[in-house]
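Here the structure is laid out as structure tokens; the discussion comes afterwards.
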Amino acid sequence: MVIINLTGMILKMRYCILEQVGSGGEGNLYLARDMELGNYWAVKEIPIEKKREARLLRLLEHPSIPRMVDYVENGEHCYLVMEYIRGKSLGQLRKEGHTFSAEELLSYGDTVLSVLEYLHGQKPPIYYGDLKPDNLMLSDSGKLYLVDFGSAMFGFGENQRICMGTEGFAAPEQYEGKVNGVSDLYAFGKTMQMLMGKHWLGVLWKVPGLGLFLYKCIQPQEKRRFQSAARARKMLTSIGKRGGHVRKNIAVAIGTAGILLTAGVLLASSERPVSFECALAEVTEGYYQMLEKEPDPSELDLEEVGMSQEKDGSGILIKKCEQVEKGLQKLQKEYTKDEEQRKLLLLLAANAEVMKEWERSAVYYEQLLLYAPGYANGYGKYGLFLLRRGQVRSARRLLALYKSSGADGKGCESIEMWEKQMEDLEG
């Protein structure tokens, strides 16, 4: 392969190539100076037979898509003269060790979804096809752009075609030669996951609901994902607002360190001196023995608990609840089987509800569904909790998410109770 140095080359008697600043699967990217205006442009070189990117870009006008200002053909190549974005890609920043905050991720996510909503809304729709951190450019001024439309294509029906994409981000159907709007949403979910990196636990604690949102984005089955970028963006906006509301309780999330450690860390194997049942019984000795078999918090006599608190001015009950919470958190680090983790999270949620720490209880429920997204009983318990709190709209949204999650709730008592109560309320 012959590599040609284009430095010094002048296109259209106007654009002087200064240096190569990048390369991709379909061509190289150069920095050029406009000899008429004196400003700088990005020039992308692509094979002439792949000039569809030019046809796409000249039709697009979105603040987060680089503007195409000129087009040049020269022999076997064509050159796209575009707005020059001075900055780094999110992929590059991540490789350099940058940690993206929850606020940054929510902001970037909203921007990307707004671009996808715009592209999918074209007639015919345009599918981007290769969403990943390397194709998201953050300018020096902090503005995010979606770049490199080499894999984008118009949506003409469901005919099979050769679809570009990157392994690890491309949706399953793309490997079969198909691409559509929900394919881009799958890649969006994978991109967000990648950007969270090793700090994903802290982000999901800080933004309750984000884990379930991403879970719905990356479903292997197309019908189980969000069916439009607009719908996904609306839910992400709602999650962001809710995250701001509960941000004051971040100390709670931090205090529950280790809740999901088993999702990414395997503790050194060793013989356990005490069985899980015995360890749990020791932690929940006394009042919390009634929680040992995962009862619904509605089964607790909360009125009696409240009366006990009133009689007990020293707050002994609350202190005991706090001790039990610490004990359960400790067990999470020691007992890592799925059924053990699920049980501990349910107990932590019930314990927080007894203390009337409603938001803390909700955090535990959402962490449960993040850890075990197919756990029907977790959905049912959380749904009943929301109804007890009078949060009917939230319970309705959760029920819709459950029904689209593919979780098997057949014969699950909490699911049946939840659905019946919802039917009674809707009826």
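The values are calculated or read from the model by the stated rules, or taken from the named source; none is laboratory data. The structure displayed is predicted, hence computed values, not measured ones. Note that we place each Cβ from the backbone using ideal geometry, even for glycine, and neighbour counts take in every protein chain shown.
One residue is enough: does the stretch 122-135 have a residue meeting the conditions assigned to a helix (DSSP H, G or I), farther than 19 Å from SER23 by Cα and outside the structural domain of ILE65 (by TED's automatic domain parsing)? Lay out the reasoning, then the answer.
Initially, the stretch 122-135 is screened for residues assigned to a helix (DSSP H, G or I), giving 133-135.
Right, trim to farther than 19 Å from SER23 by Cα and you get none.
Scanning the stretch 122-135, I find no residue that is assigned to a helix (DSSP H, G or I), farther than 19 Å from SER23 by Cα and outside the structural domain of ILE65 (by TED's automatic domain parsing), so the answer is no.
Working only within the stretch 194-228, note down all residues that are of a type outside the set (A, V, I, L, M, F, W, C) and outside any helix (DSSP H, G or I). Full working, then the answer.
Here is the first cut: in the stretch 194-228, the residues of a type outside the set (A, V, I, L, M, F, W, C) are 197-199, 202, 206, 208-209, 211, 215-216, 219-225, 227-228.
Once the filter is applied, which keeps residues that are of a type outside the set (A, V, I, L, M, F, W, C) and outside any helix (DSSP H, G or I), the stretch 194-228 yields PRO208, GLY209, GLN219, PRO220, GLN221, ARG225, GLN227, SER228.
Tally time: how many residues in the stretch 19-56 are of a type in the set (A, V, I, L, M, F, W, C) and modelled with pLDDT under 80?
2
Since GLY75 meets every condition but one in (1) assigned by TED's automatic domain parsing to the domain that holds ASP148; (2) farther than 30 Å from ALA232 by Cβ, which condition does it not meet?
(1)
Yes or no: PHE169 assigned to a loop (DSSP other than H, G, I, E, B), touching a Leu at 6+ places or on another chain (Cβ under 6 Å) and touching a residue at least 24 places away in the same chain (Cβ under 8 Å)? Working first, answer last.
Numbers: assigned to a loop (DSSP other than H, G, I, E, B): yes; touching a Leu at 6+ places or on another chain (Cβ under 6 Å): no; touching a residue at least 24 places away in the same chain (Cβ under 8 Å): yes.
So PHE169 does not fit the description; no.
Being of a type in the set (Lys, Arg) and part of a helix (DSSP H, G or I) is the requirement here; does LYS190 meet it?
Here the answer is yes, as LYS190 does meet what is asked.
Out of SER414, SER405, report the one residue that is outside the structural domain of GLU277 (by TED's automatic domain parsing) and more than 24 Å from the chain's Cα centre (by Cα). Steps first, answer last, please.
Details: SER405 fails: more than 24 Å from the chain's Cα centre (by Cα).
Result: SER414 is the single residue among SER414, SER405 that is outside the structural domain of GLU277 (by TED's automatic domain parsing) and more than 24 Å from the chain's Cα centre (by Cα).
So that you can scan it fast, the table gives a plain yes or no per residue for (1) buried (at least 20 other Cβ atoms within 10 Å of the Cβ); (2) touching an Asp or Glu at 6+ places or on another chain (Cβ under 6 Å); (3) assigned by TED's automatic domain parsing to the domain that holds LEU113:
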position	(1), (2), (3)
LEU31	no, yes, no
LEU37	no, no, no
ALA42	yes, no, no
SER64	no, no, no
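Can you find, within the stretch 76-99, the residue that is farthest from MET196 (Cα to Cα) among those that are among the acidic types (Asp, Glu) and part of a loop (DSSP other than H, G, I, E, B)? Break it down into steps so the answer makes sense when it comes.
In the first step, residues of the stretch 76-99 are kept if they are among the acidic types (Asp, Glu); the result is 76, 83, 96.
When the remaining residues are screened for being part of a loop (DSSP other than H, G, I, E, B), the result is 76, 96.
Details: GLU76: 41, GLU96: 14 Å.
So the residue we want is GLU76.
With respect to LEU59, is the statement that it is surrounded by fewer than 21 Cβ atoms within 10 Å (Cβ to Cβ) and assigned to a loop (DSSP other than H, G, I, E, B) true? First the steps, then the outcome.
Working: surrounded by fewer than 21 Cβ atoms within 10 Å (Cβ to Cβ): yes; assigned to a loop (DSSP other than H, G, I, E, B): yes.
Taking the combined requirement at face value, the residue satisfies it.
The rows are residues; the columns are (1) surrounded by fewer than 16 Cβ atoms within 10 Å (Cβ to Cβ); (2) touching a Cys at 6+ places or on another chain (Cβ under 8 Å); (3) in contact (Cβ under 8 Å) with a residue 24 or more places away in the chain; (4) over 29 Å from GLY211 (Cβ atoms).
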| residue | (1), (2), (3), (4) |
| --- | --- |
| ASN74 | yes, no, yes, yes |
| GLU103 | yes, no, no, no |
| LEU106 | no, no, yes, no |
| SER114 | no, no, yes, no |
| ILE126 | no, no, yes, yes |
| GLY129 | no, yes, yes, no |
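So which pairs qualify, if the first residue must be in the stretch 329-350 and within 11 Å of PHE276 (Cα to Cα), the second must be part of a helix (DSSP H, G or I) and among the small types (Gly, Ala, Ser), the Cβ gap must be under 8 Å, and the two must be at least 6 apart or on different chains?
LEU331/ALA279; GLU334/ALA279; TYR335/ALA279
List every residue pair whose Cβ atoms sit under 9 Å apart, with the two residues 6 or more apart in sequence or on different chains, where the first one lies in the stretch 312-323 and is at pLDDT below 80 and the second, anywhere, is polar (S, T, N, Q).
Taking only residues 6 or more apart or on different chains, the pairs are GLY315/GLN309; ILE316/SER308; ILE316/GLN309; LEU317/SER308; LEU317/GLN309; ILE318/GLN309.
Can you tell me which of TYR375, TYR288 is at pLDDT below 85 and of a type in the set (Ser, Thr, Tyr)? Give the steps one after another, and end with the answer.
On the way: TYR375 fails: at pLDDT below 85.
On inspection, the qualifying residue turns out to be TYR288.
Please go through the stretch 105-154 and pick out each residue that is among the basic types (Lys, Arg) and either touching a Gly at 6+ places or on another chain (Cβ under 8 Å) or closer than 18 Å to GLY87 by Cα (or both).
As a first pass, look at the stretch 105-154 and keep what is among the basic types (Lys, Arg): 123, 132, 143.
Scanning the stretch 105-154 gives LYS132, LYS143.
Please work out which residue is surrounded by the most Cβ atoms within 10 Å (Cβ to Cβ), limiting yourself to the stretch 385-400 and to residues that are under 16 Å from GLU357 (Cα atoms) and among the hydrophobic types (A, V, I, L, M, F, W, C).
Initial filter on the stretch 385-400 (under 16 Å from GLU357 (Cα atoms)): 385-391.
Those left that are additionally among the hydrophobic types (A, V, I, L, M, F, W, C): 385-387.
Values: PHE385: 26, LEU386: 21, LEU387: 19.
Within the stretch 385-400, the match that is surrounded by the most Cβ atoms within 10 Å (Cβ to Cβ) is PHE385.
Taking the options LYS333, LYS343, LYS337, LYS356, name whichever one is within 24 Å of GLY202 (Cβ to Cβ) and over 22 Å from the mean Cα position of the chain (by Cα). Before the answer, list the steps.
On the way: LYS343 fails: within 24 Å of GLY202 (Cβ to Cβ); LYS337 fails: within 24 Å of GLY202 (Cβ to Cβ); LYS356 fails: within 24 Å of GLY202 (Cβ to Cβ).
Criteria check complete, one pass: LYS333.
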